[in-house]
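Heads up, the thing below is written out as structure tokens.
The values are calculated or read from the model by the stated rules, or taken from the named source; none is laboratory data. Source: prediction; values computed, not measured. Because the Cβ atoms are built from the backbone with ideal geometry, glycine has one as well, and the counts that use them run over all protein chains shown. Surface areas here come from the heavy atoms of the whole protein model, side chains and all, with no ligands, DNA or RNA. Shrake-Rupley method; radii C 1.70, N 1.55, O 1.52, S 1.80 Å.
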Amino acid sequence: MHSITITQFLLEEQRKEGNVTGEFTLLLNDIVTACKRISCAVNKGALVGTMGSLDSENIQGETQKQLDVITNDIFLEANQWAGYIAGMASEEMDDPYDIPEKYKQDGKYLLLFDPLDGSSNVNVNISVGTIFSILRSPEGVSHPKAADFLQPGTSQVCAGYALYGSSTMLVLTTGRGVNGFTLDREVGEFYLTNPEMQIPSDTQEFAINMSNQRFWDAPVQRYVSECLQGEQGVRGKDFNMRWVASMVAEVHRILIRGGLFMYPIDSKLRDKGGKLRLMYEANPMSMIVEQAGGASSTGFERILDMVPNALHQRVPVIMGSKNEVEVLVSYHKK
Ligand code: AHM
Ligand code: MG
């Protein structure tokens, strides 16, 4: 029987830090509400006619799905009114969202999010998720601009994701480990089901989109070909492979049973800098992975140390079981 609700858990964590205002818990409660609403919207599927694509493109030049826009609005609406957040930025908006004047109360935090990650999966009924990252708003800034969001991943005060899979889960860290909560739909509450999640340091499973193989750089070519050689090759063990094309599902699998997730740089992506976005995909996921004992790198540097240069900056991503990340990083050094 799981009886600790996410609210109780967060309040108890705050008490441990001697912080009893409960403000951060209230802020997270709005994010939790947004995730519950998105879970419902995704779960209704084709019943409500929102599975299609729109004519519009986001800043990345990707065609937006109806649900990309709906879930973005849900996140904005749920998080703008309470006064804790000074500004929001998302994958689906070119520029930061300025909190309407009527709700402005010198919020201390900035919220970045990808409301529906893996949305190309939504009309085939495969898991999708929401990713979010919380930063402190710079002192004295009441209308945060893009530059105010450009803080390294090490500055995040909280990172989390919701996974809309066979069950809906919320996994988060405030820098004191990683905890997972499962939504009880009848009660409408998230309960602590996966306390202190830890990524096994060793793994025999990797995740990469193999269709890009011809574009990869030498280190990734070497790493994957050695995995494929299995027991007879230099690695001396057989590897399994998975690719969901939904980073949240991929990272969640790694938190549960270990693994290596890669969206590396390749010749096709070189000009863009990578596929995944630093501020609302790579950074929050890196914080979660590191807090669970894993590692996260571009191949050349720790992702969390990167000094961002643009809100929608892209980066190569290699994350998961620590020892395996180290193998691939060592190939980049050679
Ligand atoms: P999205 O935010 O537009 O959904 O894109 C991010 C997703 C990740 O979840 C996933 O790892 C990747 O894109 C899949 O890309 P590909 O279709 O190239 O395999
Ligand atoms: Mg995304």
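Structure notes:
- Here the extension length gained between residue 103 and residue 48 equals 16.7 nm, from 0.36 nm per residue of separation less the Cα-Cα distance.
- Pair residue 229, residue 3: separation of 7 Å Cα→Cβ label points (nm): 5.6 nm
- The residues neighbouring residue 178, those whose beta-carbon lies less than 10 Å from its own, together hold a net charge of -1 under the Lys/Arg +1, Asp/Glu -1 convention.
- Modelled spin-label separation between residue 202 and residue 155, with each label point placed 7 Å from Cα along the Cα-to-Cβ direction: 4.0 nm.
- Flagged links, alpha-carbon separation over 26 Å, of 44/65; 44/272; 108/145; 272/333; 145/322: 44/272; 145/322
- Computed over the alpha-carbon atoms, segment 205-333 gives an Rg to Rh ratio of 0.94, Rh here being the Kirkwood radius from the mean inverse distance.
- Rounded if a/c under 1.5, otherwise prolate or oblate - segment 49-126, Cα gyration tensor axes: prolate
- Computed across segment 110-230, the Kirkwood radius stands at 17.8 Å (inverse of mean 1/r, all Cα pairs).
- Antiparallel content of DSSP bridges confined to segment 205-333, in %, to 5: 75 percent
- Charged-residue dipole, Cβ positions (Lys, Arg, Asp, Glu), the chain about Cα centre, Debye nearest 20: 660 debye
- Global geometry of segment 275-334, whether rounded, prolate or oblate, following the gyration tensor of its Cα atoms and the 1.5 cut on a/c: oblate
- To the nearest ten degrees, helix 6-16 and the longest principal axis of the Cα atoms of the chain are 90 degrees apart.
- Taking the inverse of the mean reciprocal distance over all distinct Cα pairs, the Kirkwood hydrodynamic radius of the chain comes to 20.3 Å.
- Heavy-atom accessible surface of residue 211, to the nearest 10 Å², is about 70 Å², with a 1.4 Å probe and all protein chains retained.
- Note on the chain: with neighbouring protein chains present and a 1.4 Å probe, carbon and sulfur make up 48 percent of its accessible heavy-atom surface.
- Taking the alpha carbon gyration tensor of segment 175-266, multiplying each eigenvalue by 5 and rooting it gives semi-axes of 32, 15, 11 Å, largest first.
- Shape call, segment 6-194: gyration tensor on alpha carbons, a/c limit 1.5: oblate
- Extending 7 Å from Cα along the Cβ direction at residue 55 and again at residue 238 yields two label points whose distance is 5.3 nm.
- Degrees separating the helix 218-229 axis from the principal Cα axis of the chain, which is the longest one: 70 degrees
- For residue 173, solvent-accessible area (1.4 Å; no DNA, RNA or ligand), Å²: 0 Å²
- A 1.4 Å probe over all protein chains sorts 97, 164 by accessible area into 97, 164, starting with the largest.
- Heavy-atom accessible surface of segment 129-284, averaged per residue, reaches 41 Å², computed with a 1.4 Å probe.
- Accessible area per residue was computed with a 1.4 Å probe on protein heavy atoms; residue 237 scores about 50 Å².
- Helix 247-257 and the longest principal axis of the Cα set of the chain meet at an angle near 70°.
- Taking the helices alone, the chain has a mean residue ellipticity at 222 nm of -8500 deg cm²/dmol, built from -39,500 (n - 2.57) per DSSP H run of at least 4 residues and averaged over all its residues.
- Annotation: extensible slack from residue 81 through residue 20 equals 19.8 nm (criterion: 0.36 nm per residue apart, minus Cα-Cα distance).
- Segment 256-334 and segment 130-186 have Cα centres spaced 17 Å apart.
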